[in-house]
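Just so it is clear, none of the values below were taken in a lab; they were calculated from the coordinates. Since the structure is predicted, the reported quantities are computational estimates derived from the model, not experimental observations. Virtual Cβ from ideal backbone geometry, glycine too; neighbours counted across all protein chains shown.
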Amino acid sequence: MKVVLHDRTDGVGQEVRETAEKVADADVDFSEERKRSGLATIVCRINVHLDGRRTPVLSAHERGADAMSALDLALDKIDRQVVKYKDKVTHRKKALSPLRVPQEDGAGEARSPEPERIRMKLRPMSIAEAVAELDADGQAFYVFLDEDSGAIEIVARRADGTVAVIEPIVT
């Protein structure tokens, strides 16, 4: 973890320095601002770098009467931004299809007596629509309900790249 702490004030206390160093991969900058009235406020700027990026992803700029209050306000702002960033990142990940989940190590040795059952909702469609779904999904086969006959059918991609329609016949 790399923390760069810049102190442009008369001196930041050890407690403030230790709290600021708990922030991972961040630049923490303290400076002093003087107003016309003569009041001095401490400004804390935090820039957090994620994923090895050079430009900061999260940043906070807060003022306070002392360095600790400015740091607390800035850290609260960074906390809210981290939660928002994590929500955005986790919602982008798509759930895996049960057919695409890789087997865990050792799963091939101990087989369960009953195979897993996967329930699917089938919607009526034409063969052309089913082939389009097969191409879009990238799977080896696609199960659908034929809109003309009402029967369950399967379109499958062969090794040579052609598509076949499988019409199950119950005997």
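Excluding A164 itself, calculate the net charge of residues whose Cβ lies under 11 Å from the Cβ of A164, where each Lys or Arg counts +1 and each Asp or Glu counts -1.
Charge balance in the 11 Å sphere: -1.
Please state the shape class of the stretch 125-171: rounded when a/c is under 1.5, otherwise prolate if a/b exceeds b/c and oblate if not, all from the C-alpha gyration tensor.
Judged from the Cα gyration tensor, the stretch 125-171 comes out oblate (a/c at least 1.5, b/c at or above a/b).
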